[in-house]
Amino acid sequence: MTEHVRQPAETPLLQVSDLKVHFVTNSGWFSPGSAIRAVDGVSFTLRAGQTLGLVGESGCGKSTTARAILNLVPPTAGSIEIAGTRTSGLSAKAMRPHRRDVQMIFQDPFASLNPRMTVGRIIAEPMEIFRLHNNRQRPLEVMRLMDLVGLNPSTLNRYPHEFSGGQRQRIGIARALAVEPRLLVCDEAVSALDVSIQAQVINLLKELQQQLGLAYLFISHDLAVVRHIADQVGVMYLGRIVEMAAAETLYQAPRHPYTQALLSAAPVPDPVREQQHQRIALRGEVPSPDREYPGCPFAERCHRVEDACHHTPPRLEGKAHQVACLLETDARS
């Protein structure tokens, strides 16, 4: 296998600093253009072998953050560093060598696979693009990868439609592993699968992480799924991270009102506990990302809101447990 150039252990594998991705809408005759703040100042660090989960409602900016990391959408501001090298703003040609380090597993395992290519060709194609292995070695490497992800290598001449949804997602994982990446971006990678199949794929990802030392950026709206795989969890709301902590810390003692509301909405498997469980109802709809808020963007929906929340913007503060909430800052000051 081809060896990557290893960086010093203290160098983060992924460093995202104050990332912003704004989309400017065209102005019309009667309405001025506006900026959609899809991502509005996101920062985090991910080290080799770790898993960072990003959770939040649809439209909060999780997937846009992932696409900016992969340089699929240009960042408006901020920086992205992969293994100590700044990759934000690079041209497609300059970005190409870094694509071996970061690969993506997509949400829809069928739409992300070419229906006209056999599984063997799908997995071998990245090797050909990056000129990994010779023509004799590639079929052997394809079979090794299929076996690694739990697929029968004898099926390499079949087409994607001949596989189940869970098997197709395993094909996508094998394709991502074909270039020997160090980081996998999993964008809702199990949300399209049945619950039992979700558990199988999650277990597979954890096994691959142990065997290969992979790091994961795991994006999901399902808090239960993230809890089973993530070491660190970041909760996003309206393009910003509002809380970041170790997984068990965040699930056992959430501090931001939005995180508390999300966790309260998760179903409880015990019927007795379910009756005693108190849910926090969020008021109103998710605010528009084209508006600027003088205070906390969550204030209009918050069950703990105070007057100061409407005109004083919170900052993400803390060390091991970060939270962007004026009430939490005041309580600990």
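Just so it is clear, none of the values below were taken in a lab; they were calculated from the coordinates. Values in this document were obtained by computation on a predicted structure and should not be read as measured data. Cβ coordinates were reconstructed from backbone atoms using ideal geometry, including for glycine residues, and neighbour counts include every protein chain displayed.
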> Using only Cα atoms, what Kirkwood radius does the stretch 33-77 have, in angstroms?
Replying inline: 12.0
> So what's the angle, to the nearest 10 degrees on a 0 to 90 scale, between helix 165-177 and the longest Cα principal axis of the chain?
Replying inline: 80
> Quick one: putting +1 on the C-beta of Lys and Arg, -1 on the C-beta of Asp and Glu, what dipole do you get for the stretch 72-118 around its Cα centre, in Debye to the nearest 20?
Replying inline: 240
>> Just checking my list (1) 21.3, 69; (2) 21.0, 76; (3) 19.7, 67 against Rg and Dmax of the Cα atoms in Å computed from this structure; which label fits?
In response: (1)
>> Give me the percent relative contact order of the chain, please, defined on Cα pairs under 8 angstrom at least 6 residues apart.
In response: 19
> Regarding the stretch 120-190, what is the average projected area of its C-alpha convex hull, in nm²?
Replying inline: 4.8
> Taking the Cα centre of the stretch 23-106 as origin and charging only Cβ (+1 Lys, Arg; -1 Asp, Glu), how large is the dipole, in debye to the nearest 20?
Replying inline: 320
> From the square roots a ≥ b ≥ c of the eigenvalues of the alpha-carbon gyration tensor of the stretch 180-220, which class results: rounded (a/c under 1.5), prolate (a/b over b/c), or oblate?
Replying inline: oblate
>> Once you order the gyration tensor axes a ≥ b ≥ c over the Cα atoms, which shape class does the stretch 142-224 get: rounded for a/c under 1.5, otherwise prolate or oblate by comparing a/b with b/c?
In response: oblate
>> Could you tell me which residue out of 127, 295, 310 lies farthest along the dipole of the chain toward its positive end? Charges go on the beta carbon: Lys and Arg +1, Asp and Glu -1, centred on the Cα centre.
In response: 127
> With the dipole of the chain worked out from charges on the C-beta (+1 for Lys and Arg, -1 for Asp and Glu) around the Cα centre, which of 153, 35, 83 lies farthest toward the positive end?
Replying inline: 153
> Can you sort 251, 216 by how many other beta carbons sit within 10 Å, fewest first?
Replying inline: 251, 216
> How far is helix 195-212 tilted, in degrees, relative to the longest principal axis of the Cα atoms in the chain, given as a value from 0 to 90 rounded to the nearest 10?
Replying inline: 70
>> On C-alpha positions alone, give me the angle between the axis of helix 119-129 and the longest principal axis of the chain, in degrees, nearest 10.
In response: 80
>> Which one, 325, 68, 143, is farthest towards the positive end of the dipole of the chain when Lys and Arg carry +1 and Asp and Glu -1 on their Cβ?
In response: 143
>> How big is the dipole moment of the chain about its Cα centre under a simple scheme where the beta carbon of each Lys and Arg is +1, that of each Asp and Glu is -1, and everything else is neutral? Debye, nearest 20, please.
In response: 980
> By the gyration tensor of its Cα atoms, with a ≥ b ≥ c the square roots of the eigenvalues, what is the shape of the stretch 66-207: rounded for a/c under 1.5, prolate for a/b over b/c, or oblate?
Replying inline: oblate
